[in-house]
Amino acid sequence: MAQLQPGDAGRPSFDADLADNLRAEANAALGDLIPDLDPFDPMFVSKHQLSSVLGCQVRFLGEEDLGFAWSVPMARGSVAHKALELSNFMPEASPIELVNQALTSLVDTEQSIGDFLASLSELESAELRGLALDSVSAFFEGFPPLKPKWRPNFESRRRVELLDGRLVWSAKFDLTLGQSRGLEAGKAIIDFKTGGTNQNHVDDLRFYALVETLRFQVPPRLVASYYLDSGELAVEEVTVAVLEAALARALHGTREVFGLLAGVVEPRLAPSRACRWCPLLAQCQAGREFLAEVT
């Protein structure tokens, strides 16, 4: 965990024109999409959409058609992250106190999660409280206590506008520590995960690093996944090569998103273990057959 803690050592420096060059490359690579995109209604591309479109595109279109819908497992992360954010202001509070306060705070917001939480039954609310408490407790048991001088920031939102505002790459970081100093990288971006490791987690964090670089002109120092269930930490230092790989993936994924939503790309079916969470599983024979073979 020591490598996550901000300090004077291990701060790489980057060229002043790095972010501008990456942005110029992105605009040039996607410039042919400009006539088909509306600057007043830009196309948003998130890390989830990139992971989805580069996996099973049939599922991607199904999720786009159905739209986002909250569920107890999905709300778990938001409640846990809010509880951890509150711990900065309530250092003596217990995990259950933080979770209860997080639930109260989120219900009172005008965000969509507030309406979802208010609609839960007593049983569903208890289930969500238990799941969030498990995540918060695991964080406090395995993660070093956050110090104010580290500048911890939970649920940081970022957006980068490309193609004269017609395209937006968006991201939300679970936790950031530290800050840059001139052209010296000093920030760590951390994603909290339940379950086991996945290559998508690496790709997601690289996309975060790219968005952070384009937004603030300086890359983060490193990105990391912290696995709450096991207490394991997977860290990657951010380099120019990492950013270039992230850019290539984001450009490819963005073009796929555009083509599928415009109806000019035939969706690819790619069964995987993720089929168990697909909203189209009941109608997808290939997905059901795949799961039957691996379970």
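All of the numbers you see were taken from the coordinates with simple rules; none came from a lab. All values derive from a computational prediction rather than experimental measurement. Neighbour counts run over all protein chains shown; Cβ positions are idealised from the backbone, glycine included.
Some observations on this one:
- Note on the chain: with charges restricted to the Cβ of Lys and Arg (+1) and Asp and Glu (-1), its dipole about the Cα centre is near 500 debye.
- Estimated FRET transfer efficiency (Ile96, Arg273; beta-carbon r; R0 30 Å; 0.05): 0.35
- Along the axis of the charge dipole computed for the chain (Cβ charges of +1 for Lys and Arg, -1 for Asp and Glu, origin at the Cα centre), the listed residues Thr194, Leu123, Ala224 are led at the positive end by Ala224.
- Charge dipole of the range 207-294 about the Cα centre (unit charges at C-beta), most positive-ward option of Ala241, Phe258, Leu210: Phe258
- Residues whose amide H lies under 5 Å from that of Arg181, counting only those 5 or more places away or on a different chain, are Gly186; hydrogens are built 1.01 Å from N in the peptide plane.
- Fraction of antiparallel bridges per DSSP, the chain only, in percent to nearest 5: 70
- Between the residues Ser105, Val53, Pro144, the greatest Cα displacement towards the positive end of the dipole of the range 3-154, with unit charges on the Cβ of Lys, Arg, Asp and Glu, is found for Pro144.
- Set against the labelled values [x] 33, 20, 18; [y] 38, 21, 16; [z] 30, 28, 18, semi-axes √(5λ) of the Cα gyration tensor in Å computed from this structure falls on [z].
- Which of Trp277, Trp70, Trp169, Trp150 has the fewest Cβ neighbours within 10 Å, and the rest in rising order: Trp277, Trp70, Trp150, Trp169
- Segment Ile34-Ser170, extension gain: residue separation times 0.36 nm, minus the distance between their alpha carbons: 47.1 nm
- Radius 12 Å from Cβ of Ala245, net charge of other residues (Lys, Arg +1; Asp, Glu -1): -1
- For GluC sites (Glu not before Pro), the sites in the range 49-100 that DSSP calls loop and that have at most 15 other Cβ atoms within 10 Å are Glu92.
- Net charge over other residues, Cβ less than 13 angstrom from the Cβ of Phe290 (K, R count +1; D, E count -1): +2
- Gained length - Ile113 relative to Thr295, 0.36 nm times residue gap less alpha-carbon distance: 62.2 nm
- Charge dipole of the range 119-179 (Cα centre as origin; +1 on each Lys and Arg Cβ, -1 on each Asp and Glu Cβ, all else neutral): 540 debye, rounded to the nearest 20.
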